[in-house]
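K.L.:
Dropping a structure here in structure tokens format, bear with me for questions.
The values are calculated or read from the model by the stated rules, or taken from the named source; none is laboratory data. Keep in mind it's a predicted model, so treat the numbers as computed, not measured. When we count neighbours, we look across all protein chains shown, and the Cβ atoms used for this are built from the backbone with ideal geometry, even at glycine.
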Amino acid sequence: MRFSQTIALITGAGSGIGKEVAIRLAGEGARVVLVGRTKSKLEAVANEINRTKRIPMAEIFPADVTDEEDVKELSDYINVHFGDLHILINNAGGAKNSKILDTTEEDWDDVQKTNLRSVFLVSKMLGNLMVTKAKEESGLQGRAIVNVASLSGHQAGQFLPHYSAAKAGVINFTRALALELAPYGIRVNSVSPGFIETPLTEQGLQNDKFVKAIERNTALKRIGKATEIANVIAFVASEEASYMTGSDVLVDGGWLIK
Ligand SMILES: NC(=O)c1ccc[n+]([C@@H]2O[C@H](COP(=O)([O-])OP(=O)(O)OC[C@H]3O[C@@H](n4cnc5c(N)ncnc54)[C@H](OP(=O)(O)O)[C@@H]3O)[C@@H](O)[C@H]2O)c1
């Protein structure tokens, strides 16, 4: 079990990729804290995880990760209830579609908040806890942060200017944080998914032409599954990736090579 004796926090854990990451980490022994704004979605995932376990492995903490107060309360809760944090998965995010010339300032700010400010806030507050705990130890334990970026952070997506800019920001923020936290043995990496079937893409994937275009432009000729991203996130968070920090792992089915 790669994650026994491990406390892991996953943002955006109520659906899609975050849900599969939570299931995967808990399945390999981690105690997982599920964060998102919608309590009912978090409860459903926690129940799914805990149903099969003798000791409950999943807890929920409803919070808006763009809100400083919420994130502070989350950090205090982790400190008081668990006393440590080994793995942080900054997965919460969301997109809107528009041309740059039609994008409102409100939409621009909203997308930056959801995808980039959230990663900064959670990394800062929970990162402080991780550093404090690392300093208290004699030998450095393997702690890790994984930020979920996007293919759009590498190649700007059509009608996704705010999202593409924010995700490129996540990739570079990851490098900066990796440098800052390396002295404490905390690795920081990002994972960039391509087109994955989740609630985020559900509406778009109902359009047959869109699906065909993705299949045509993807070397592996198909859309990805959330579990295929969760597998990679779990690897990057695990000790198997112990010499990896400041990297971005593109998991796009071969979109960028076409
Ligand atoms: N699916 C893809 O093709 C794809 C491709 C590249 C990158 N990604 C990235 O992968 C990550 C996961 O997305 P997904 O595809 O799994 O979509 P999803 O199912 O919509 O998951 C996003 C989750 O984030 C939560 N969330 C959004 N804003 C939040 C906030 N302010 N505070 C707390 N939680 C928040 C949402 O729950 P609540 O609304 O209940 O808060 C939701 O459960 C995102 O960062 C996304 O940008 C996805």
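K.L.:
Go through the stretch 139-177 and give me each residue that's modelled with pLDDT of 95 or more, more than 9 Å from the ligand (Cβ to nearest atom), in contact with a helix residue (DSSP H, G or I) (Cβ under 7 Å, 6 or more places away or on another chain) and more than 19 Å from Asp109 (Cβ to Cβ).
P.N.:
Scanning the stretch 139-177 gives Arg143, Ala144, Ile145, Val146, Ile171, Leu177.
K.L.:
Still on this structure, I have one more. Could you count how many residues in the stretch 49-74 are loosely packed, with under 13 Cβ neighbours inside 10 Å, touching a residue at least 12 places away in the same chain (Cβ under 8 Å) and among the hydrophobic types (A, V, I, L, M, F, W, C)?
P.N.:
0
K.L.:
Considering only the stretch 55-72, state which residues are part of a loop (DSSP other than H, G, I, E, B) and charged (D, E, K, R).
P.N.:
Within the stretch 55-72, Asp64, Asp67 qualify.
K.L.:
With the requirement that a residue be part of a loop (DSSP other than H, G, I, E, B) and not acidic (Asp, Glu), what does the stretch 121-148 give you?
P.N.:
Ser138, Gly139, Leu140, Gln141, Gly142
K.L.:
Could you check the stretch 22-44 and list, in sequence order, the residues that are surrounded by 19 or more Cβ atoms within 10 Å (Cβ to Cβ), within 9 Å of the ligand (Cβ to nearest atom) and in a helix (DSSP H, G or I)?
P.N.:
Lys41, Leu42
K.L.:
Has the stretch 167-182 got any residue that is within 25 Å of Leu85 (Cβ to Cβ), surrounded by 17 or more Cβ atoms within 10 Å (Cβ to Cβ) and more than 17 Å from the chain's Cα centre (by Cα)?
P.N.:
yes
K.L.:
Related question: State all residues of the stretch 5-39 that are over 19 Å from His81 (Cβ atoms) and either hydrophobic (A, V, I, L, M, F, W, C) or without any contact (Cβ under 8 Å) to a residue 24 or more places away in the chain (or both); if no residue qualifies, say none.
P.N.:
Of everything in the stretch 5-39, those that are over 19 Å from His81 (Cβ atoms) and either hydrophobic (A, V, I, L, M, F, W, C) or without any contact (Cβ under 8 Å) to a residue 24 or more places away in the chain (or both) turn out to be Ile17, Val21, Ile23, Gly27.
K.L.:
Give me the residue from the stretch 9-21 that is within 8 Å of the chain's Cα centre (by Cα) and either more than 7 Å from the ligand (Cβ to nearest atom) or of a type in the set (S, T, N, Q) (or both) and, out of that set, surrounded by the fewest Cβ atoms within 10 Å (Cβ to Cβ).
P.N.:
Checking each candidate, the answer is Thr11.
K.L.:
Then there is this: Could you say whether any residue in the stretch 217-233 is of a type in the set (Asp, Glu), within 16 Å of the ligand (Cβ to nearest atom), part of a helix (DSSP H, G or I) and more than 19 Å from the chain's Cα centre (by Cα)?
P.N.:
No: the stretch 217-233 contains no residue that is of a type in the set (Asp, Glu), within 16 Å of the ligand (Cβ to nearest atom), part of a helix (DSSP H, G or I) and more than 19 Å from the chain's Cα centre (by Cα).
K.L.:
If you scan the stretch 75-110, which residues turn out to be touching a residue at least 60 places away in the same chain (Cβ under 8 Å), part of a helix (DSSP H, G or I) and surrounded by 20 or more Cβ atoms within 10 Å (Cβ to Cβ)?
P.N.:
Looking only at the stretch 75-110, we keep the residues that are touching a residue at least 60 places away in the same chain (Cβ under 8 Å), and these are 78, 82, 84-100.
Then drop every residue that is not part of a helix (DSSP H, G or I), which leaves 78, 100.
Answer for the stretch 75-110, where residues must be touching a residue at least 60 places away in the same chain (Cβ under 8 Å), part of a helix (DSSP H, G or I) and surrounded by 20 or more Cβ atoms within 10 Å (Cβ to Cβ): just Ile78.
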